[in-house]
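Comments concern the structure below.
The values are calculated or read from the model by the stated rules, or taken from the named source; none is laboratory data. Not measured: the values here are computed from a predicted model. Cβ coordinates were reconstructed from backbone atoms using ideal geometry, including for glycine residues, and neighbour counts include every protein chain displayed. Just so you know, the surface numbers come from the protein's heavy atoms only, side chains and all, with ligands and any DNA or RNA stripped out. Shrake-Rupley method; radii C 1.70, N 1.55, O 1.52, S 1.80 Å.
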Amino acid sequence: MHQLPLEIARQGFTWLVAEPEPLSLNGRAFRGLPNRLIPLDELLDLMLRRRCAHQTRDAVWAHLVCRSRQEGATWTLACAGMALPALSGVVRWLSARCPSDPCDVHAEVLSGFLGALATVDLDRPRVLARLRWAAYRKGLAALSEALDAPLPMAPGFRSTPPSPPWGHPDLILAKAVRASVLTRTEADLIGTTRLDGLSITDWADRHRTTSCATYKARHRAESRLVAYLRDESRDTDPDDPVADCAMDGLSSARPASLLECTAPMPFESSPSVVTAETPHASGGAAEPSMAVSKASPDSSLLKCGRTTLAPTPLSPSEVR
C-alpha cells in the first residue's frame with residue numbers, strides 16, 4: 001500500500017532530528033526556551049505545552065518560515081514536521097468525508113501548507129494558525145471537487161443481464177397488464193395454457209366459452225403482446241446485453257413459447273364435419289350438408305384450424 005504524503009513528511013522529519021547531529025534551533029534567541037541548542041523534535045514538545053507563551057510560538061514560527069524561504073528544502077521539511085500535529089487534525093476531518101482516495105486530501109493539505117510558507121505575513125500574530133487555515137482551504141477544495149465528480153467507471157464497464165427473476169414470463173405478463181396491453185383474463189389465458197400446461201378445451205370449459213373463441217382470443221392477445229415487446233426493445237441501447245437477450249428470445253423461441261405467437265395456433269383436435277343425406281321431396285338424389293356455418297377459406301374459423309375440404313357430392317348412381 002502506498003504511503004500518505006503526511007507519513008512521508010513525518011519520516012523525513014524523523015531523519016532530520018536523528019542522532020548524532022539533529023537539526024536544532026538556538027533557544028537563547030527566544031524568551032521562555034532553554035539557553036542551548038534545542039533539537040526540533042524537543043522544540044515541538046515544548047511548543048505544544050500550555051505554558052508556552054503565544055509570543056514565543058509566533059517568534060519561533062517566524063524564524064522557521066524565514067529559514068525555509070532562505071535555505072530551502074531542509075528547513076521547509078522542518079516546517080512541515082513541526083506543523084504535523086495541526087495538519088493531522090485537518091486531514092483526519094477531511095478524509096472522513098472524502099469518497100475518493102485519502103491520499104489526494106493529504107497531498108492537497110500539504111500542498112496548501114507549503115504554498116502558504118512563501119506568502120504568509122510574519123508580522124501578524126498566530127503564524128501557525130494562518131498556515132493551518134491555508135492548508136485546510138486547499139484540502140476543502142479537493143474534497144468539494146471529489147464530492148461533485150461523477151462516480152468512477154472502470155474501463156470496459158457495461159451493463160449485464162440482471163439475475164433472475166428478470167425476464168420471467170409471469171413478470172412480462174404482469175407488466176403488459178399494467179400497460180393495458182392485455183386484460184387480466186387474457187394474461188390468465190396465456191399463462192395457464194402456454195406455461196402451466198392447461199389445454200385450451202379445459203380453459204374454455206372453465207370460462208363457459210368455446211374452444212374456437214378461446215383460440216382466437218389467445219392469438220389476438222399474443223399478437224398485441226409481441227408487438228408491445230418489440231416496440232419496447234426499439235427504445236433500448238442497441239449495445240445493451242439486456243436488450244440483446246430479449247430480442248434473441250423473440251427471434252429464437254419455439255413456436256409454442258410465449259413470445260412467438262405471430263402465427264395462428266392449430267386446434268388441439270380437428271373440428272368434425274358432419275354430413276347428412278337429405279332426400280328431395282320428389283325422391284331425387286340426396287345432397288350432403290355440413291354442420292359448419294362458414295366454409296369459405298377466408299373465414300376466421302378456418303384460420304383457427306386446418307382447412308377442411310368439402311366432401312364430393314354423391315352421384316345419382318350411388319343413391320338407392
Packing rank of 194-206, 10-22, where each peptide gets the mean count of other beta carbons within 10 Å, highest leading: 194-206, 10-22
Relative contact order for region 1-151, counting Cα pairs under 8 Å that sit 6 or more residues apart, in percent: 23 percent
Relative packing of 99-108, 172-181, which averages over residues the other C-beta atoms within 10 Å, highest first: 99-108, 172-181
5 angstrom amide H check on Ile38, placed H, neighbours 5+ away: Leu25, Asn26, Gly27
With every protein chain in place, region 1-139: carbon and sulfur % of accessible area (1.4 Å): 54 percent
Mean Cα-pair separation over length for region 108-152, i.e. relative contact order, pairs under 8 Å, 6 or more apart, %: 49 percent
Positive minus negative residues near Arg57 (Lys, Arg vs Asp, Glu; Cβ under 12 Å): +4
14 Å beta-carbon shell around His207, net charge (K/R +1, D/E -1): +1
Inter-label distance, nm, simple model (7 Å from Cα along the C-beta direction), Arg92/Glu21: 3.6 nm
